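Trainee: Could you have a look at this structure, given as structure tokens, before my questions?
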Amino acid sequence: MGSRGSHAARIPDADSIRRETGFSQASLLRLYHRFRALDRNKKGYLSRMDLQQIGALAVNPLGDRIIDSFFPDGNLRVDFPGFVRVLAHFRPVDDDDSSMRDPKEPEPLNSRMNKLRFAFQLYDLDRDGKISRHEMLQVLRLMVGVQVTEEQLESIADRTVQEADEDGDGAVSFLEFTKSLEKMDIEQKMSIRILK
Ligand SMILES: [Ca+2]
Ligand SMILES: [Ca+2]
């Protein structure tokens, strides 16, 4: 922590962003510097190309999908609050968790449920609330290397969907998704240290 929080007041809406995302003042300030460094032409917002400079996303097989989630509704720019809101899903649970959290406040964005929700929408491209076999196949294609044949990939997709598909409609609902990942350490997998 090199910097003190003294400049946090200059971040627009810093207090409400902090409340919503759970980032500490120091983290928020570092993210703000990161945002401004990524914003190459000092536009005041980030484009896809700006975000592609983030190393952790460049090496992530789902990096492009994650970048998509910064731009809901076909927006081509993301401002600082939008940037922080997406990153909050990847905030490690142990990082900056203040004991001062008000229980009346909504669930933090980095909670297990919100991480799962975020992960689910990386799969559910048409946003119909279900992961179809085809959508599963597309994600697997991004995640596995070229050494796997298309045929093998299709059978993995089929098996993955079948294993999770409890009601037998041939797709994975959010509930089925959460159940199939019950034993997985999603908190760990969905933590990306963007600042380090
Ligand atoms: Ca879908
Ligand atoms: Ca199902």
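Trainee: List pairs: first in the range 161-175 and closer than 9 Å to Arg133 by Cα, second within 11 Å of ligand 1 (Cβ to nearest atom) and among the hydroxyl-bearing types (Ser, Thr, Tyr), Cβ under 9 Å, 6+ apart or cross-chain?
Mentor: Pairs found: Val161/Ser132; Gly170/Ser132; Ala171/Ser132; Val172/Tyr123; Val172/Ser132.
Trainee: Which count do you get for residues in the range 138-160 that are without any contact (Cβ under 8 Å) to a residue 40 or more places away in the chain, among the hydrophobic types (A, V, I, L, M, F, W, C) and surrounded by 12 or more Cβ atoms within 10 Å (Cβ to Cβ)? Steps first, please.
Mentor: Residues of the range 138-160 without any contact (Cβ under 8 Å) to a residue 40 or more places away in the chain: 138, 140-141, 144-160.
Pick out the ones that are also among the hydrophobic types (A, V, I, L, M, F, W, C) and you get 140, 144, 146, 148, 153, 156-157.
Still in the list and also surrounded by 12 or more Cβ atoms within 10 Å (Cβ to Cβ): 140, 144, 148, 153, 156-157.
So the answer is 6.
Trainee: Ok, one more. Just the residues that are within 13 Å of ligand 2 (Cβ to nearest atom) and touching a Lys or Arg at 6+ places or on another chain (Cβ under 7 Å), please, taken from the range 136-163.
Mentor: Result: Val161, single match.
Trainee: Where residues in the range 108-126 are in a loop (DSSP other than H, G, I, E, B) and away from ligand 2 (no atom under 16 Å from the Cβ), which of them is nearest to Gly74 (Cα to Cα)?
Mentor: By that ranking, first place goes to Leu125.
Trainee: Within the bounds of the range 91-109, is there any residue that is under 30 Å from Ser173 (Cβ atoms) and small (Gly, Ala, Ser)?
Mentor: no
Trainee: Another one. Looking only at the range 150-163, decide whether some residue is assigned to a loop (DSSP other than H, G, I, E, B), in contact with a helix residue (DSSP H, G or I) (Cβ under 7 Å, 6 or more places away or on another chain), away from ligand 1 (no atom under 11 Å from the Cβ) and more than 24 Å from Gly22 (Cβ to Cβ).
Mentor: There is no residue in the range 150-163 that is assigned to a loop (DSSP other than H, G, I, E, B), in contact with a helix residue (DSSP H, G or I) (Cβ under 7 Å, 6 or more places away or on another chain), away from ligand 1 (no atom under 11 Å from the Cβ) and more than 24 Å from Gly22 (Cβ to Cβ).
Trainee: Let me ask another. Does Asn60 satisfy being assigned to a loop (DSSP other than H, G, I, E, B), outside the structural domain of Asn114 (by TED's automatic domain parsing) and modelled with pLDDT under 90?
Mentor: Here the answer is yes, as Asn60 does meet what is asked.
Trainee: Phe177 versus (1) part of a helix (DSSP H, G or I); (2) surrounded by fewer than 18 Cβ atoms within 10 Å (Cβ to Cβ): which is the lone unmet condition?
Mentor: Result: Phe177 passes all but (2).
Trainee: Here is a follow-up. Write out, first by first residue and then by second, each pair whose Cβ atoms fall under 7 Å of each other, whose residues are 6+ apart or on separate chains, and whose first residue, in the range 11-28, is surrounded by fewer than 19 Cβ atoms within 10 Å (Cβ to Cβ) while the second is in a loop (DSSP other than H, G, I, E, B) and of a type in the set (D, E, K, R).
Mentor: Within 7 Å, the pairs are Arg19/Glu105; Ser24/Asp96.
Trainee: Here is a list: Lys196, Lys104. Which entry is more than 15 Å from Glu20 (Cα to Cα) and at pLDDT below 90?
Mentor: Residue meeting the stated conditions: Lys196.
Trainee: Since Ala157 meets every condition but one in (1) among the aliphatic types (A, V, I, L, M); (2) under 24 Å from Ser47 (Cα atoms); (3) at pLDDT 90 or above, which condition does it not meet?
Mentor: (2)
Trainee: Could you check His33 against (1) over 23 Å from Ala14 (Cα atoms); (2) more than 14 Å from the chain's Cα centre (by Cα); (3) not aliphatic (A, V, I, L, M) and say which number it fails?
Mentor: Answer for His33: the failing condition is (1).
The values are calculated or read from the model by the stated rules, or taken from the named source; none is laboratory data. Note that this is a predicted model, so its numbers are computed, not measured. Methodologically, a virtual Cβ is constructed for each residue, glycine included, from the backbone with ideal geometry; neighbour enumeration extends over all protein chains shown.
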